[in-house]
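**Student:** Please read through the structure below; I'll follow up with questions.
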Amino acid sequence: MEDRDWSRWSAILLCLLILVLLVGALSWLLVRQMISFGQEWPVLQEKLLQVWYQFGLYLEQQFGVNDVQRSSWMEGLVKDAASTVLNVVQGVLYASVTTVVLVLLIPLYAALILYNREQLAAALFSMFPKAEHNKIRSILHETITTYYNFIKGMIIVYAVVGLLNSVGLLLLGIPHAIFFGIVASILTFIPYVGITIGAILPMAVAWITYDSVWYPVGVIIVFSVVQYMEANLIFPLAVSFRLQVNMLFTLLAIVAGGILWGASGMILFVPFVAILKLIADKHEELRPVSLLLGTGMASTKSTPKPGFRIGRFRRKQS
């Protein structure tokens with residue numbers, strides 16, 4: 001856009017506005033589904049009470065547990081839940097405040113980095129001798145491309161997994177299938193465990209809605225098939241293949257990122273490993289690292305032409 005005579009701030013703000021609109025549209029869809037789900041909560045609550053009553057009769061018939069004993073158990077559960085809820089509320093409030101701050105700061109960080117990118121690139125080049133500038137420029141270009149491929153790959157993963165989840169739940173006749181499918185797809189950033197967590201609520205809704213164990217089993221089958229496809233086909237093709245990092249170190253990066261940085265690390269450490277690999281590709285002394293992280297295929301990427309420039313850095317430098 002700048003090459004088409006847009007001012008820098010106009011171009012930056014338009015890009016951020018498009019991103020906000022896309023995220024807002026997804027959030028609006030999720031909120032609508034949540035409101036619709038909340039309207040059916042009284043019906044679900046009534047069915048839960050019926051299940052609890054039947055469970056109480058079963059305990060009384062099989063184990064002789066009477067109403068007094070069940071009430072005592074419930075009082076104990078309520079007391080334990082009350083103390084737990086306070087801690088949960090405190091954690092939710094802290095996480096909410098942190099999220100609001102990040103939502104406001106991240107676009108500001110992005111705008112300032114984009115606006116000052118030439119200054120940042122000049123500072124980076126000044127750390128190395130002139131003989132290394134072409135190599136640094138090539139690495140910087142490939143770093144930007146790596147992040148782009150990673151983001152594009154993750155969007156493909158979320159979209160395909162969400163579509164498959166939703167179609168499978170719709171075929172089973174599960175209420176709010178699109179909501180459950182999208183939530184489960186977002187949780188796929190946690191390998192293996194995330195989609196399992198996302199399956200718990202639709203399983204409960206299926207069981208309460210149809211009073212049959214076969215519908216929850218159907219939900220398990222749908223999510224298991226999608227999980228297998230995501231782990232062995234969708235994620236490798238959409239992310240690992242694009243980044244040219246083998247699947248083993250992709251999974252290790254996710255686990256290490258989760259240990260060190262939590263959810264953010266699980267997302268960010270994959271492109272970090274890809275960037276480490278492309279740096280290793282440019283240095284002969286790091287050849288073992290390149291071979292270790294690579295997919296076994298020879299890189300077909302060529303070094304950018306000397307005329308390549310980052311933004312308008314080369315034009316202004318000349």
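**Student:** Within a Cβ distance under 10 Å of Ala238, other residues only, what is the Lys/Arg minus Asp/Glu net charge?
**Tutor:** Combined, the nearby Lys, Arg, Asp and Glu give +1.
**Student:** Would you work out the relative contact order for the stretch 161-275, in percent, from Cα pairs under 8 angstrom that are 6 or more residues apart?
**Tutor:** 19 percent
**Student:** Per-residue HN-Hα couplings for the stretch 238-251, Karplus 6.51 cos²θ - 1.76 cosθ + 1.60 at θ = phi - 60°, whole Hz, x for Gly and Pro?
**Tutor:** Per residue, the Karplus-derived 3J(HN,Hα) values read 7, 10, 4, 5, 5, 8, 6, 10, 5, 5, 4, 6, 5, 5 Hz.
**Student:** Now a separate question. Convert each backbone phi in the stretch 161-172 into a coupling constant with the Karplus relation 6.51 cos²θ - 1.76 cosθ + 1.60 (shift: θ = phi - 60°), then list the ³J(HN,Hα) values in order as whole Hz, x for Gly and Pro.
**Tutor:** Computed from phi, the couplings for the stretch 161-172 are 5, x, 5, 5, 4, 5, 4, x, 5, 5, 5, 7 Hz.
**Student:** A further question follows. Express in whole angstrom the spacing between the alpha-carbon centres of the stretch 236-293 and the stretch 106-123.
**Tutor:** 24 Å
**Student:** Related question: Consider all pairwise Cα distances in the stretch 141-272 and report the whole-number % of them above 17 Å.
**Tutor:** Everything past 17 Å amounts to 58 percent.
Rule-based calculations on the coordinates, nothing more; no lab input. Given the structure is predicted, the values throughout are model-derived calculations rather than measurements. In this analysis, Cβ positions are derived from the backbone assuming ideal geometry, glycine residues included, and neighbour counts consider all displayed protein chains.
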